[in-house]
Every structure is written in C-alpha cells, then in structure tokens.
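These notes are about the structure you will find just below.
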Amino acid sequence: MTSLLARARAPLLPRIRPDLGLLNSSLSSPPPLPPFTGPQPTRLFASHANKKKSKKSSSSVSSHGAPPSAAPSTPPAAKAVQPPLANEASGPEFKKLPAPDDPDATVGRIIAVTSGKGGVGKTTSAASFAMGIAAKKPDKSVCVVDFDIGLRNLDIHLGAERRVVFDFINVINRECTVNQALIKDKRRPNLSMLAASQTKDKDALTVAGVEHVLASLASLFDYVILDSPAGIESGAKHAMYFADDAVIVTNPELSSCRDADKMIGFISARSRRAETGSRPVTQTLLITRYDPARADKNESLSITDIQDLLGLDLVGVIPESSAILTCTNLGTPVIESKDHGADPSALAYEDMVDRYLGEEREMRFTTVEPASFFKRIFG
C-alpha cells in the first residue's frame, strides 16, 4: 500500500516516454516566440474615430514601418456621370400649375372622380367617362390617371395591364419622362393613361411631385381625369386638391352617402381652390348600381333621398348591370358596349358624358319598366 501511494505522488514528467523526444528541461522552460513583424490586425468593429486615425497613420508609415515611396499615388478613377434626361423632369425645379381661373392660362381641365366609400364604381366610371369624352370629342386629347398607389386597377379596365413600363411614381422621382409613362389607348388615339405604382405606397406622393405631374399633363391634354382611391387618405387628398371639377360617386345606400358627404365637405374646405379663395370646385353627383324596383319597395335609397342628403346636381344614374363585370374582365370600358346589345349601363354612361359636356339629356333608367305582355303571361 505504501509503495502504491508513493508511486501516485511521484511527478509525472519523468515518466514520459523518451522516444517522443520530450525532456523535462525543455517542457519546464519553453523557448520564447520570435517577435511578430507582419502587419497589425485591424479591428472589425473599430469606432469611427479609430478608422480616421488608422487612415491618417497609414498614409505616413507603411506596414513594415518604412516611409512611403516618393512616387505619387494614382488618383481614383472618376465615376461615370449619367447624362440628364432631355425633358421637363431634368431641371432642378418642379413644374407648377397656373393659378385657378387664370384667364391667360392655357391648360387642360382636371377632373377628380372620387367618393368616400370603396367599391362604388369609381374606376369603372373613370374609365367609361374618359372613353366617352374621347369618343365625343375626337379633336380633344384626354388622359386618365390612376391615383390608387399600391393597388392599380385602371389598367385592367382599359385592357393595358401588359403595357405598363413606367408609372406615376417613376415620373415623380424623375426616373422617366411623362411621355415615357403614358400609354396610348388602341381604340381611341386621343386617349392616354398614366398607371399607378404597385410597388410603392401612398406615402411616396408629395404635393410638389403631384403638381409637377399634373402640370405636365395639363399642358399636354385638354381633359385630365383622376381616378381617386377611396377614403380620405393621401391618394384621395392629392387627387382632389388640384381638381377643377369633382364627380362624387355613390351607391343608393346610407353608408355610401354618408362617406360621400364627408368627401364633399373635404373638397369644399381643403382643395387648392378653397385655399386660394378662387371659384369653388364644381361638384356633381353620379349614382351607380341603381335599381328602381328596390327603391320603389324602400329597400334602398331613392334618387330624391340621395339628392336631399348630398345636395348636389345629378350628372348621371347608372343602373345595376351584369355587363359591367363582363366588360371589366374583357378589359373594355362598359361605355364601349353601347353598340353591342345597347346595355342600359353603357347608355347611361353615354348620357352622363353628354351632361358633363353641357348637353341636355333625359334621365333614363330611373323608373321601373312596365312588364311586357309575354312576361305578364309567362312570368
């Protein structure tokens, strides 16, 4: 037992195998390492001050401590400068619209198609309204602008969804010219469209940028129609701010009329014309999806009820029609179907365009049509 304890307490180093070449003396005092003469390592997270200090010291001392060579260093290659776009967007300033009602101004009329509630048919109405004016006035130029930044549906209604290259935000950011972003309609050569962006949100809109785009369009076109998004947010505010005329779209339901009434008050108080004390924005009322049979049964608001609530002149009444959905899926404004079956909604949009242009038209499709002889017999 004593011998076992003595062996356990004995130092281990003398028992290392001699064939490994390890001696007690070499293990007990290892030789010192040679001095490091290479470049000093850099810190990954050096502070800004340390970075500036290291750049300053490296210009006077090389990595091995020797002074720098007398040969001057070659200057860095200059970055290639892109030539500015040869158009109105290349200047330092945005374009400005003339003052409202300026007698010397020769610019187009800006018309906002808007509402408070979504899903009432603003884009459908804006597409047919623009197409109708272009058809009625072939000697006038028309442009319809999609203000629904982030969504963009107007191009589908006009059948131009595959032709969009540049959009509204590209023009504001000066990434293209206005002419580059415009898409000319294949059916009406005097009709063009400016699409909205699908990759940006409405925060990309600015008053100066929107005014620059609208000033450029108003100098090129006689009618500039703005397809406003729903609600009182950035897109709708910018669309109605510069408007000369406003078409308020509503359905014959109370919630839609209440939201439309809110938009009417907003335009009256917050538009550019209201701020400058000019003649107020001309606001008219367009009722969509109207069913006179349901109105007679008090299942929806009547035309008189809506006019009493909103107090605007009526520019059109669009009846409920299945042709609107069909035309939207085909990429054709419903007003273009008036020659193919004479759908009531197409004829109603045609009447609406005529009334806006100052012509007198009877308000059709507002009463229940009497049943025909065969319908009374066979049901």
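The values are calculated or read from the model by the stated rules, or taken from the named source; none is laboratory data. Since the structure is predicted, the reported quantities are computational estimates derived from the model, not experimental observations. Neighbour counts are summed over all protein chains in view; Cβ atoms, including those assigned to glycine, are modelled from backbone coordinates with ideal geometry. For the accessible areas, the whole protein counts, side chains as well, though only heavy atoms, and no ligand, DNA or RNA atoms are used. Shrake-Rupley method; radii C 1.70, N 1.55, O 1.52, S 1.80 Å.
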Checked the range 342-373 for anything free of Cβ contacts under 8 Å to residues at least 12 places away in the same chain and on the phi > 0 side of the Ramachandran plot; matches are Ala342, Gly358
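Every residue, every condition in (1) in a helix (DSSP H, G or I); (2) surrounded by 12 or more Cβ atoms within 10 Å (Cβ to Cβ); (3) in contact with a Pro (Cβ under 7 Å, 6 or more places away or on another chain); (4) at pLDDT 95 or above, yes or no:
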{"site": "Cys327", "(1), (2), (3), (4)": "yes, yes, yes, no"}
{"site": "Lys338", "(1), (2), (3), (4)": "yes, yes, no, no"}
{"site": "Ala342", "(1), (2), (3), (4)": "no, no, no, no"}
{"site": "Tyr349", "(1), (2), (3), (4)": "yes, yes, no, yes"}
{"site": "Val353", "(1), (2), (3), (4)": "yes, yes, no, yes"}
{"site": "Arg364", "(1), (2), (3), (4)": "no, yes, no, no"}
{"site": "Glu369", "(1), (2), (3), (4)": "no, no, no, no"}
{"site": "Phe374", "(1), (2), (3), (4)": "yes, no, no, no"}
{"site": "Ile377", "(1), (2), (3), (4)": "yes, no, no, no"}
Test for Ala112: is it at pLDDT 90 or above, under 24 Å from Val144 (Cβ atoms), touching a Leu at 6+ places or on another chain (Cβ under 8 Å) and part of a strand (DSSP E or B): yes
Of the residues in the range 248-268, those that are of a type in the set (D, E, K, R) and in contact with a Lys or Arg (Cβ under 9 Å, 6 or more places away or on another chain) come to Glu253, Arg258, Asp259
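One line per residue, one yes/no per condition, for (1) open to solvent by 60 Å² or more (accessible area, probe 1.4 Å); (2) closer than 16 Å to Phe147 by Cβ; (3) in contact (Cβ under 8 Å) with a residue 40 or more places away in the chain:
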{"site": "Asp227", "(1), (2), (3)": "no, yes, yes"}
{"site": "Gly235", "(1), (2), (3)": "no, yes, yes"}
{"site": "Ala246", "(1), (2), (3)": "no, yes, yes"}
{"site": "Phe266", "(1), (2), (3)": "no, yes, no"}
{"site": "Gly277", "(1), (2), (3)": "yes, no, no"}
{"site": "Leu286", "(1), (2), (3)": "no, no, yes"}
{"site": "Arg289", "(1), (2), (3)": "yes, no, yes"}
{"site": "Ser302", "(1), (2), (3)": "no, no, yes"}
Across the range 152-195, the tally of residues that are under 23 Å from Asp139 (Cα atoms), touching a helix residue (DSSP H, G or I) at 6+ places or on another chain (Cβ under 8 Å) and among the charged types (D, E, K, R) stands at 3
Within the range 274-308, residues within 28 Å of Pro100 (Cβ to Cβ) and either of a type in the set (Lys, Arg) or not in a strand (DSSP E or B) (or both) come out as Ala274, Glu275, Thr276, Gly277, Ser278, Arg279, Pro280, Val281, Gln307
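Residue by residue, here is whether (1) touching a helix residue (DSSP H, G or I) at 6+ places or on another chain (Cβ under 9 Å); (2) among the polar types (S, T, N, Q); (3) over 20 Å from Asn179 (Cβ atoms) holds:
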residue: Asp203; (1), (2), (3): yes, no, yes
residue: Thr206; (1), (2), (3): yes, yes, yes
residue: Glu211; (1), (2), (3): yes, no, no
residue: Leu217; (1), (2), (3): yes, no, no
residue: Phe221; (1), (2), (3): no, no, no
residue: Leu226; (1), (2), (3): yes, no, no
residue: Glu233; (1), (2), (3): yes, no, yes
residue: Lys237; (1), (2), (3): yes, no, yes
residue: Asp245; (1), (2), (3): yes, no, yes
Considering the range 138-174, residues that are of a type in the set (A, V, I, L, M) and open to solvent by 30 Å² or more (accessible area, probe 1.4 Å), and then whichever is nearest to the chain's Cα centre (by Cα), we arrive at Leu151
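Quick check on Arg174: is it in contact with a strand residue (DSSP E or B) (Cβ under 7 Å, 6 or more places away or on another chain) and on the phi > 0 side of the Ramachandran plot?
It is false that Arg174 is in contact with a strand residue (DSSP E or B) (Cβ under 7 Å, 6 or more places away or on another chain) and on the phi > 0 side of the Ramachandran plot.
Which one is nearest to Val281 (Cα to Cα), of the residues in the range 248-264 that are open to solvent by 10 Å² or more (accessible area, probe 1.4 Å) and of a type outside the set (S, T, N, Q)?
My answer is Ile264.
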Val249 vs (1) under 19 Å from Leu182 (Cα atoms); (2) modelled with pLDDT of 95 or more: all pass except (1)
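Applying the selection to the range 121-145, what residues are not small (Gly, Ala, Ser) and not in a helix (DSSP H, G or I)? Spell out how you get there, then give the answer.
Kept after step one, since they are not small (Gly, Ala, Ser), are these residues of the range 121-145: 122-124, 129, 131, 133, 136-140, 142-145.
Across the range 121-145, the qualifying residues are Lys137, Pro138, Asp139, Lys140, Val142, Cys143, Val144, Val145.
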The residue that is nearest to Met131 (Cα to Cα), considering only those in the range 175-196 that are out of contact with any Phe, Trp or Tyr (no Cβ under 8 Å at 6 or more places or on another chain) and open to solvent by less than 60 Å² (accessible area, probe 1.4 Å), is Leu191
With the first residue restricted to the range 146-169 and required to be at pLDDT below 95 and part of a loop (DSSP other than H, G, I, E, B), and the second required to be aromatic (Phe, Trp, Tyr) and open to solvent by less than 20 Å² (accessible area, probe 1.4 Å), Cβ contacts under 7 Å at 6 or more apart or on different chains are Ile149/Phe168
Within the range 98-120, the residues that are within 21 Å of the chain's Cα centre (by Cα) and open to solvent by 20 Å² or more (accessible area, probe 1.4 Å) are Lys117, Gly118, Gly119
